[in-house]
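Taking it in order: structure first as structure tokens, then the write-up.
The values are calculated or read from the model by the stated rules, or taken from the named source; none is laboratory data. Computed from a prediction, not measured in an experiment: that's the story for all the values here. For neighbour counting, all protein chains shown are included, and Cβ atoms are generated from backbone atoms with ideal geometry for every residue, glycine included. All accessible areas refer to the heavy atoms of the entire protein, side chains included, with ligands and DNA or RNA removed. Shrake-Rupley method; radii C 1.70, N 1.55, O 1.52, S 1.80 Å.
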Amino acid sequence: MSQDGLFEAPKALLLEIEQYEPANAEEVEQFRIQYLGAKGAIKRLFGAIKDIPNEQKKAYGQLVNQVKQTAEAKWEAWKEQFAGQQQQQQAGDLTRPIVQGAPGARHPLSIIRNKIITVFNRIGFTVAEGPEIEDDWHNFTALNIPADHPARDMQDTFFLQRHPDIVLRTHTSPVQIRYMEEHEPPIRIISPGRVFRVDNDSTHSPVFHQVEGLYIAKGVSFAELKQTLYYFVNEIFGEGTEVRFRPSYFPFTEPSAEMDIAWKKDGKDSWMEILGCGMVDPNVLENCNIDPDIYTGYAFGMGVERIAMLKYGIRDIRLFYENDVRFLRQFTADT
Ligand code: PHE
């Protein structure tokens, strides 16, 4: 073989490689197989070295190495160039599998509110809602809390306007009034919603949530109220959770009680108040044009935060509102 003949093949290959222009990622891959692959053209050139006369082996080897390095450099550059293009094409491909992101979670207060609603739905209560900005009549007067009554001081009210008073509702009880004004008994509602009081510490927030319950029909008794609340506590906190009723005072119920549930406080048996309740005061029924000689009923109101704190063992109410994902993430398993 002449000297020129020996060097012809690598020189031709170098030219081919330099002129190669892939149009897409597939052609880049074809290039790799054809030139750089285990059975590719460059491998064959290296294989031919054994047929080269000794004195020319060095020059031949250098040339083939140059071919190889050129092919590798081109391939590396194209790989990057076409990888970007491939991603862009995929971005427009609606059949491409989705990239799984972190799943969202319900807020613990929504979880508890929904649980409470579900439990009462099962025994015939339907959801009724009312406005967060209330007038004096619905938030106080119709609920048997006349102006200058000391009971108004029990609720640290945010006033938006004085005389006539417009307030941020201090409880969900005004929804009772609104519903009774519009509907004839039998009435069986629960009213979840946001309420507002001038109060701010580790167990009180100026904005918090309550769920109100109201049942008005003929011959409703306190025994029914207790049984309904036993059922509720068993469903939310588990079968056999101990409760106690303490006599209490609310202007809109007579008699009135507060219900506590048994829980462990720093390892010691203790009681925690979870709701207020009682038989709807006849004055309240009259204010809504319901005849108290025909109808009786019970009402109760509970704090959603309080129940969530007890159920999940949360000590500071402010954790609910900070939106720290490290806190919120812990509730992803719940529904
Ligand atoms: N509205 C009362 C409160 O916010 C709770 C309550 C509701 C008590 C219904 C009795 C009956 O404190």
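Looking at segment 200-209, which of the residues that are exposed (fewer than 15 other Cβ atoms within 10 Å of the Cβ) and not β-branched (Val, Ile, Thr) is nearest to the ligand (Cβ to nearest atom)? Going through the qualifying residues, I end up with Pro206. State all residues of segment 124-152 that are in contact with an Asp or Glu (Cβ under 7 Å, 6 or more places away or on another chain) and either of a type outside the set (Asp, Glu) or not assigned by TED's automatic domain parsing to the domain that holds Ser191 (or both); if no residue qualifies, say none. Scanning segment 124-152 gives a single hit, Asn144. Within segment 37-49, the residues that satisfy the criterion of being in contact with a helix residue (DSSP H, G or I) (Cβ under 9 Å, 6 or more places away or on another chain), open to solvent by less than 90 Å² (accessible area, probe 1.4 Å) and farther than 18 Å from Gln62 by Cβ are Gly37, Gly40. The number of residues in segment 172-185 that are more than 10 Å from the ligand (Cβ to nearest atom) and either open to solvent by 20 Å² or more (accessible area, probe 1.4 Å) or in a loop (DSSP other than H, G, I, E, B) (or both) comes to 7. Pairs meeting the criteria (first residue in segment 236-265 and more than 24 Å from Gln155 (Cα to Cα) and open to solvent by less than 60 Å² (accessible area, probe 1.4 Å), second residue acidic (Asp, Glu) and more than 16 Å from the ligand (Cβ to nearest atom), beta carbons under 8 Å, at least 6 apart or on different chains) are Ala262/Glu242; Ala262/Asp269. Among the residues of segment 148-160, is there at least one that is in a strand (DSSP E or B), at pLDDT 85 or above and open to solvent by 30 Å² or more (accessible area, probe 1.4 Å)? Within segment 148-160 (the criterion being in a strand (DSSP E or B), at pLDDT 85 or above and open to solvent by 30 Å² or more (accessible area, probe 1.4 Å)), the answer is yes, since at least one residue qualifies. In the set Arg188, Arg197, Arg169, only one residue is open to solvent by 70 Å² or more (accessible area, probe 1.4 Å) and under 25 Å from Val127 (Cα atoms); that residue is Arg188. Annotation: of all residues in segment 268-284 being away from the ligand (no atom under 11 Å from the Cβ) and open to solvent by 60 Å² or more (accessible area, probe 1.4 Å), the one that is farthest from Leu143 (Cα to Cα) is Lys268. Filtering segment 213-255 to residues that are under 18 Å from Ile190 (Cα atoms), among the aliphatic types (A, V, I, L, M), under 32 Å from the mean Cα position of the chain (by Cα) and more than 11 Å from the ligand (Cβ to nearest atom) leaves Leu229, Val233, Ile236.
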